[in-house]
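The values are calculated or read from the model by the stated rules, or taken from the named source; none is laboratory data. Here the structure is a predicted model, which means the values were calculated and not measured. FYI the Cβ positions are ideal-geometry reconstructions off the backbone, even for glycines, and counts take in every protein chain you see. In case anyone asks, the SASA skips ligands and DNA or RNA and just uses the protein heavy atoms, side chains included. Shrake-Rupley method; radii C 1.70, N 1.55, O 1.52, S 1.80 Å.
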Amino acid sequence: MGRGKIEIKKIENPTNRQVTYSKRRAGIMKKAKEITVLCDAEVSLIMFSSTGKFSEYCSPSTETKKVFDRYQQLSGINLWSAQYEKMQNTLNHLKEINHKLRREVRQRMGEDLEGLDIKELRGLEQNMDEALKLVRNRKYHVISTQTDTYKKKLKNSQETHRNLMHEMEVVEDHTVFGFDDDSSNYEGVLALANGGSHMYAFRVQPSHPNLHEMGYGPHDLRLA
């Protein structure tokens, strides 16, 4: 017995409908490949499922676009006219916007004002005043920011200067003045023996370690 005849109508069950579509799609693709090989035909097949899934087949000897072009030539139907018209309208709209913007720029520079009436001139003046206000606000903001930056730099420089002065004061506070009782000081001994003016010799001995490292040694200081 052969299979019963299937009634051709929409399958209501979504799962059964998808299974049937997948099976029949595979069968159609197989038939398209066979007719391409057996009959040397140029076949272009496009399918969309109910869920929007796209499938296609095109003979290896051609391209889908070439098949569409041949279809347009033979049928007289322009497949791209609607899309071309839409693109042309978009292009014209963009050109018009560009023309208006260029004209507005020229008018803001004081050019191309001959065709403007009093209302348009007042509107242009108001727009320029608002633009000038924005530019000035931005300028004052930049000046304020730079001023704050310079103040911070000046404050840091002053702080560094105070720290250096403090370090120098610490160095001076640690400097030792000692009496030099070195008996080899011939000039001092001779002056005292002759009853001359009292001469005292002092030796400045820096005790701060940084001064020792910098090569500062003891220095004699004589007071008469």
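Odds and ends about this structure:
- Count of residues meeting criterion [open to solvent by 100 Å² or more (accessible area, probe 1.4 Å) and within 22 Å of Leu101 (Cβ to Cβ)] in the range 115-137: 6
- Residue within the range 180-197 that is open to solvent by 90 Å² or more (accessible area, probe 1.4 Å), modelled with pLDDT of 50 or more and among the aliphatic types (A, V, I, L, M) present: no
- Pairs where the first residue, in the range 11-24, is over 14 Å from Ser55 (Cα atoms) and the second is assigned to a helix (DSSP H, G or I), C-beta under 7 Å, 6+ apart: Ile11/Arg17; Ile11/Thr20
- The range 61-74 residues that are closer than 22 Å to Val37 by Cα, paired with ones that are at pLDDT 90 or above and surrounded by 13 or more Cβ atoms within 10 Å (Cβ to Cβ) (beta carbon under 7 Å, 6 or more apart): Ser61/Glu42; Thr62/Glu42; Thr64/Ser44; Thr64/Cys58; Val67/Glu42; Val67/Ser44
- Reported count of residues in the range 1-27, each being open to solvent by less than 80 Å² (accessible area, probe 1.4 Å) and not hydroxyl-bearing (Ser, Thr, Tyr), is 10.
- The residues listed here are Ile28, Ile46; of these, the one that is touching an Asp or Glu at 6+ places or on another chain (Cβ under 7 Å) and closer than 30 Å to Pro14 by Cβ is Ile46.
Residue-by-condition table, conditions (1) assigned to a loop (DSSP other than H, G, I, E, B); (2) over 30 Å from Ile11 (Cβ atoms); (3) among the aliphatic types (A, V, I, L, M); (4) modelled with pLDDT of 90 or more:
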{"position": "Ile35", "(1), (2), (3), (4)": "no, no, yes, yes"}
{"position": "Gly52", "(1), (2), (3), (4)": "yes, no, no, no"}
{"position": "Asn78", "(1), (2), (3), (4)": "yes, yes, no, no"}
{"position": "Leu101", "(1), (2), (3), (4)": "no, yes, yes, yes"}
{"position": "Val105", "(1), (2), (3), (4)": "no, yes, yes, no"}
{"position": "Glu111", "(1), (2), (3), (4)": "yes, yes, no, no"}
{"position": "Gly115", "(1), (2), (3), (4)": "yes, yes, no, no"}
{"position": "Gly123", "(1), (2), (3), (4)": "no, yes, no, no"}
